[in-house]
Amino acid sequence: MLGFVPPLPQQPGRPPSSGHMIVCGDDALARRLAVELRFIYGERVTLLLPPGRDANNPETPLTQRGRAAALFGRMSAAMNRAGNGSGSTGGSGDTNAGVEAVRIMEAPEPSDDVLEEAGIDRAAALALVYDDDERNIRAALTARRLNPRLRLVIRLYNRKLGQHLEELLDQAAAVAMPGIDPALLDASTTVLSDADTAAPALAATALTGSSKIIQAEGLLLRAAERPPPRPGESADPGLCTLALLSSTTNDPAGAEGSDSSGDEAPQLLPDERAVADATGRGTVVLEAISRADPDRPATRMGGRGAPLAQIFSRRLRWSALGFALAAVALVIASLLTTGDSALHSAYLTVLDLLGMNDPAEGAPAARQIIQILSGIAGLLLLPLLIAAVLEAFGTLRTASSLRRPPRGLSGHVVLLGLGKIGTRVLVRLRELDIPVVVVEEDPEARGIPLARSMHVPTVIGDVTQEGVLEAAKIRRAHALLALTSIDTTNLEATLYARSVKPDLRVALRLYDDEFATAVYRTLRTAHPGALTRSRSVSHLAAPSFAVAMMGRQILGAVPVERKVMLFAALEVAGHPQLEGHTVEQAFRAGAWRVLAIDATPPADRNPDLAALPPFDPEGDATPPPSGLVWDLHPGYVLRAQDRVVIAATRRGLAELLRRQRSAVPGR
């Protein structure tokens, strides 16, 4: 079944325009991405979804079509309100009143005929964000054959496969278009993972200070969340202040961290006056930059062996130590009483312990007493050896089984759900050496083998059932990350955990914005002294996918309560707001801010700023210095050949890209 559904008023049957973008997917990320491209970047979008569950009633909330139409309707109404208000940006074109709707199609698979109907031959970019890696790969190969010039953005969970696929599709584009600009070829295929994009932000909510790490050319940018300063104190701005958090000192329920909070909402990229006037508000600052270590050994993922401490119990190790001390004492006693050499005394004592020595008849009384004591100690050796053998066999037999939470565990993070997102968050938490206890209902879940190999304590059971969270030691936990795919399950687990421990740090994975906002405000009201965060994976990942479809590189997305701030790499050439302006003049409060400049000559630049710069470990034990300069003088003039790293809001980055396109002749 292939159908065209206009969710909002538009011209029925209108074919897609040249340069439009196509989004193919089957979950929330596809709908979020279509919203991002249409209502933030002003692109013409065709959204390809699988057929709805109920063909007789296609507008039920259970259908993909109904969910997309509702989401587009809310966004269109919001944009029209913005366009009719006083804050309209009159020169930005089609982002306000009269927004054309997203074109929605339905098809089970993105086949040749379906993609041709969607206008693949005239499209500028295609996003394949199905939850199935195999379907995305198959569709990417088909799309590259139908349109070699197409920019592809592919969602893949398998990182290594994604790297190989990106190289393969870029080679196919190079063969089909001889002489293509290498810069354009580099942006031709981009492989991303929503799990990798969202995992750092989700893991950061479990940490005190909520630091977010962004990597750029081997350097680590740390965006740290800081509490408001006390009376008489001044806040440390770090390298720069990236955001002001919601004002929650006097009214915890008055700001849920979204745009609907009015003046209490978080402010992204504030100017110096706004920072100075903000009293009682926390901040997100860019802290000192540190270098990533390419030689850092990977966190141990389990392996086939097991440490000695995991093979033998503590009681057995103490018993062995006591026996060893007794044997040493007998050797010393024999040495002092018989006058033999140390080696001979040790030899006789070992024989006595093992019952292999002849009786000390006719020997001095001291020697006979020592032999009797050694025989008694030797009797204790036998059960000790048997216990060691049994424990070793038991440990090796259960090495592949899941561990139970230790009795004295405390200060850990309870992670609910080991799907794609939960698995990536688990890896991130273990990389940071944070103790974790996992709760998963499905014993065959994707992340169970990983948890087993990493020896992470795991509780198998339904988190909504009584006793499951208690088994995870929730009363002594530091934080709860509810990352299952069911909103009500996450909410129920959170409410129960808060009833057990009111000050528990909590982060929920919720899809619906209105539901998430209501939950967030209610939890903040009921527990003002505890940190609460609601996170949507699609909301965190969609900006990175959208910018990749525009042909730009996103270094990371940092959530600021219920807003998202982007770190991007841009060429100054073609951006009239940057080229020829000083760093201070280029700063636009609430939109974008230049953080660093790449001083490397254009011919020697690393095309992927998120990757570690290559170096020869045999020729040089340390990596070469990064070309990025972070401590920029406000008077530095940006040149056309410069490449910069900026922090930007979603709308600010969209405005930069729109102005660049309008500045290019023929666009």
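The values are calculated or read from the model by the stated rules, or taken from the named source; none is laboratory data. Because the structure is predicted, anything quoted here is derived from the model rather than measured. When we count neighbours, we look across all protein chains shown, and the Cβ atoms used for this are built from the backbone with ideal geometry, even at glycine. Heads up: the accessible areas ignore ligands, DNA and RNA and are worked out on the full protein's heavy atoms, side chains in. Shrake-Rupley method; radii C 1.70, N 1.55, O 1.52, S 1.80 Å.
Can you give the net charge of the other residues whose Cβ lies under 10 Å from the Cβ of H412, counting K and R as +1 and D and E as -1?
On the way: positive: K473, R476; negative: none.
Residues close to H412 contribute a combined charge of +2.
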| query | Once phi is turned into θ = phi - 60°, what whole-Hz ³J(HN,Hα) does the Karplus curve with 6.51, -1.76 and 1.60 give for every residue of region 579-587, x standing for Gly and Pro? | reply | 5, x, 9, 6, 4, 5, 5, 6, 6
| Listed here are the pairs K473/K563; K160/K420; K420/K501; which of them are more than 26 Å apart at the Cα? | K473/K563; K420/K501
| task | Could you state the accessible area per residue of region 465-590 in Å², with a 1.4 Å probe and every protein chain left in place? | result | 36
| query | Tell me, what is the 1.4 Å probe accessible area of F515, in Å² to the nearest 10? | reply | 70
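At 1.4 Å probe size, with the rest of the protein present, what percent of the exposed accessible area of region 504-600 is carbon and sulfur atoms?
Of all accessible area on region 504-600, carbon and sulfur atoms account for 50 percent.
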| Say each of R159 and T582 gets a label point 7 Å from the Cα, pointing the same way as Cα to Cβ; how far apart are those two points in nm? | 4.2
| task | Can you figure out the FRET efficiency of D340 with I460, using R₀ = 51 Å and their beta-carbon distance, to the nearest 0.05? | result | 0.30
| request: Tabulate in residue order the Karplus-calculated ³J(HN,Hα) for region 429-445, using 6.51 cos²θ - 1.76 cosθ + 1.60 with θ = phi - 60°, rounded to whole Hz; enter x for Gly and Pro. | output: 5, 6, 4, 8, 6, 9, x, 10, 10, 9, 10, 9, 7, 8, x, 9, 5
| Any idea of E117's accessible area? Nearest 10 Å², probe 1.4 Å. | 100
| If only Cα atoms are counted, what is the Rg of region 374-506, and what is its Dmax, in Å? | 18.3, 67
| field | Exposure ranking of L384, L336, L540 by accessible area [1.4 Å probe, largest first] | value | L336, L384, L540
| Largest to smallest accessible area among T532, T464, T525, T582 [probe 1.4 Å] | T525, T464, T582, T532
| task | Provide the per-residue ³J(HN,Hα) series for region 237-243, in order, calculated from phi with Karplus coefficients 6.51, -1.76, 1.60 and θ = phi - 60°, each as a whole number of Hz, with x at glycine and proline positions. | result | x, x, 6, 6, 8, 8, 7
| request: Would you tell me the accessible area of D631, worked out with a 1.4 angstrom probe on the heavy atoms of the protein chains, in Å² to the nearest 10? | output: 140
| task | Place a +1 charge on the Cβ of each Lys and Arg in region 398-538 and a -1 charge on the Cβ of each Asp and Glu, then give the dipole magnitude about the Cα centre in debye, rounded to the nearest 20. | result | 620
| request: Keeping every protein chain in place, order R476, R424 by accessible area at 1.4 Å, biggest value first, i.e. largest first. | output: R476, R424
